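Worksheet: the structure to be examined is printed underneath.
The values are calculated or read from the model by the stated rules, or taken from the named source; none is laboratory data. All of these numbers come straight from a predicted model, not from anything done at the bench. Note: ideal-geometry Cβ built from the backbone for every residue, glycine included; neighbour counts use all protein chains shown. Heavy atoms of the whole protein, side chains included, go into the accessibility calculation; ligands, DNA and RNA do not. Shrake-Rupley method; radii C 1.70, N 1.55, O 1.52, S 1.80 Å.
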Amino acid sequence: MSDGSEFVVVANRLPVDRVVGEDGTPSWRRSPGGLVSAIAPLMRRRQGTWIGWAGKADEKLEPFQEDGMALVPVFQSSEDVELYYEGFSNATLWPLYHDVVAPPVYDRAMWDAYVRVNRRFAEVTAAVAGEGSIVWIQDYQLQLVPKMLRELRPDLRIGFFLHIPFPPLELFWQLPWRRQILEGLLGADLVGFQLPGAASNFVRLCRRLLDARYSKQDVYWDDRVVRARAFPISVDVEELHDLIERPDVRARAKEIREDLGGGTVLLGVDRLDYTKGITQRLEAFGELFGDGDLKPGEAVFAQIATPSRERVEQYQLLRDQIEQQVGRINGEHSELGTTVVHYLHTSYDRKELAALYLAADVMVVTPLRDGMNLVAKEYVACRDDLRGTLVLSEFAGAAGELGRGAFLVNPYDIDGLKETLLKAIHTEPAEQAKRMRTMRRRVQEHDVDRWARSFLDELETPAEPQVAEPQPA
Ligand code: ADP
Ligand code: G6P
């Protein structure tokens with residue numbers, strides 16, 4: 001045990017990826033996804049230690065400092081990446097937890113790698129965390145770490161937060177290693193979820209699968225109380241506010257609008273992931289031209305998709321499918337000099353993203369299932385001009401908080417999606433302002449700082465002594 005860090009975050013990924021340029025010079029680039037967007041600002045403020053993978057196989061790196069954070073890299077071999085990261089994490093758990101929108105792969109070698117890499121994370125954390133410190137473990141890739149870490153370091157206060165949905169009993173039951181995963185999570189003092197329904201799913205599973213005693217959202221396990229609670233994640237409102245105040249960002253937004261031809265701008269910003277409903281939204285948009293509801297030049301769709309998990313088969317299939325679809329829609333509906341869909345398979349920096357949000361009249365967020373969806377909240381946080389509309393899937397966690405101001409849709413219902421896109425395109429400015437104001441109030445009052453504070457306050461509060469005999473299993 002060391003006299004090391006007092007506050008430790010453990011996530012599969014570090015907030016930065018190591019990239020090596022063509023001339024062999026290494027540099028650091030922000031890692032993709034919502035987890036990093038949410039935790040990085042907190043870490044800068046708290047000066048904690050972040051334990052994670054630097055994004056490249058077979059690289060042994062020493063701990064280092066970056067952007068005010070102490071980073072401790074965890075090694076992953078090519079085999080670990082293939083079986084633990086691309087395999088069990090992203091070909092088994094990711095589709096299973098997202099309503100099996102793609103078929104999950106159940107493979108014993110992948111499971112073995114998941115156990116092995118989770119143990120490595122637990123061992124590195126046990127060596128880095130100071131006596132009695134707070135350790136906050138993140139997401140589905142590391143669900144065994146809470147138990148493994150508690151066995152190594154019973155002095156620690158251990159929190160776990162799941163950034164993605166937690167499935168209902170009927171789906172979770174499919175998993176051959178369902179018991180081990182639940183027991184892994186129960187190593188934490190506090191298990192956090194995006195929504196109350198997910199916390200209830202977890203408690204119900206503990207009861208049915210492990211015969212655990214419970215009371216409301218507390219599970220009694222190993223002579224401890226494990227709390228399951230919902231903490232809807234959010235965005236760094238202050239960071240986004242500073243970005244949109246910048247004259248260069250405002251100017252860039254204007255330029256983007258001009259480049260896109262002056263019609264109504266619809267925008268999609270996602271990791272290229274089959275859970276995000278990208279093909280559904282493009283299908284609906286394309287059909288509006290076929291039906292004569294839109295004419296080229298009147299509206300344009302800009303879809304920005306960050307490359308993601310590119311060696312996993314379902315992601316390769318999706319990429320091909322979207323490229324074909326964009327080609328078909330543009331082939332059928334664009335005119336010379338007037339493209340209807342702009343598709344960019346790339347990642348942008350925060351300034352460019354903020355400019356894109358400011359340039360968009362309609363933000364289109366249509367996941368088939370999503371834990372929260374930060375893009376929806378980022379858009380709202382950027383629109384201090386009270387302009388723009390948000391089309392939001394009922395299956396995004398964010399729908400609960402933004403449902404009163406957004407246009408909610410079922411992304412599986414292409415006709416409903418078409419109708420909603422038209423409504424959003426034709427919303428009058430006064431109505432836009434009314435809706436945006438409602439959404440902004442929510443996001444401003446519940447920003448990422450409040451999310452982190454409420455999780456950590458709960459984690460630091462000692463568990464209530466058991467007052468009544470809990471329910472028998
Ligand atoms: P997920 O975590 O599944 O990727 P979220 O919507 O919750 O989905 O979070 C995505 C995060 O990644 C957001 O902070 C968003 O700004 C960022 N992001 C998404 N697409 C891009 C892109 N093309 N370039 C840069 N950042 C992106
Ligand atoms: C989502 C997950 C994160 C993950 C991110 C990017 O936000 O919840 O855990 O880090 O996607 O995915 P990647 O596989 O590139 O880490």
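Couple of notes before you dig in:
- Set side by side, the residues GLY297, GLY261, GLY290, GLY268 differ, and just one is touching a residue at least 12 places away in the same chain (Cβ under 8 Å) and either touching a His at 6+ places or on another chain (Cβ under 9 Å) or among the hydrophobic types (A, V, I, L, M, F, W, C) (or both), which is GLY290.
- Residues that are more than 8 Å from ligand 1 (Cβ to nearest atom), among the polar types (S, T, N, Q) and surrounded by 20 or more Cβ atoms within 10 Å (Cβ to Cβ) within region 30-47 comprise just one, SER31.
- When VAL265 is tested against (1) in the same structural domain as TYR357 (by TED's automatic domain parsing); (2) assigned to a helix (DSSP H, G or I); (3) open to solvent by less than 10 Å² (accessible area, probe 1.4 Å), just one condition goes unmet, and that condition is (2).
- Applying the condition of being more than 27 Å from the chain's Cα centre (by Cα) and among the hydrophobic types (A, V, I, L, M, F, W, C) to region 207-257 and asking which residue is surrounded by the most Cβ atoms within 10 Å (Cβ to Cβ) yields ALA212.
- Within region 28-45, residues that are under 13 Å from ASP236 (Cβ atoms) and in contact (Cβ under 8 Å) with a residue 24 or more places away in the chain have Cβ atoms under 7 Å from residues that are of a type in the set (Gly, Ala, Ser) and more than 8 Å from ligand 2 (Cβ to nearest atom) in these pairs: LEU42/ALA452; ARG44/GLY68, counting only partners at least 6 apart in sequence or on another chain.
- Residue check for ALA198: under 28 Å from the mean Cα position of the chain (by Cα) and crowded, with 21+ Cβ neighbours inside 10 Å: yes
- Test: GLY87 is at negative phi and either exposed (fewer than 15 other Cβ atoms within 10 Å of the Cβ) or in a strand (DSSP E or B) (or both): no
- Taken as a whole, the structure places ALA126 among residues that are buried (at least 17 other Cβ atoms within 10 Å of the Cβ), part of a helix (DSSP H, G or I) and away from ligand 2 (no atom under 16 Å from the Cβ).
- Condition met for SER89 (of a type in the set (Ser, Thr, Tyr) and within 14 Å of ligand 2 (Cβ to nearest atom)): yes
- Residue list for region 131-173, filter: away from ligand 1 (no atom under 16 Å from the Cβ), within 21 Å of ARG46 (Cβ to Cβ) and either among the hydrophobic types (A, V, I, L, M, F, W, C) or not assigned by TED's automatic domain parsing to the domain that holds LEU185 (or both): ILE134, VAL135, TRP136, ILE137, VAL145, LEU149, LEU156, ILE158, PHE160
- Residue in region 289-305 that is within 16 Å of ligand 1 (Cβ to nearest atom), exposed (fewer than 15 other Cβ atoms within 10 Å of the Cβ) and at pLDDT 95 or above present: no
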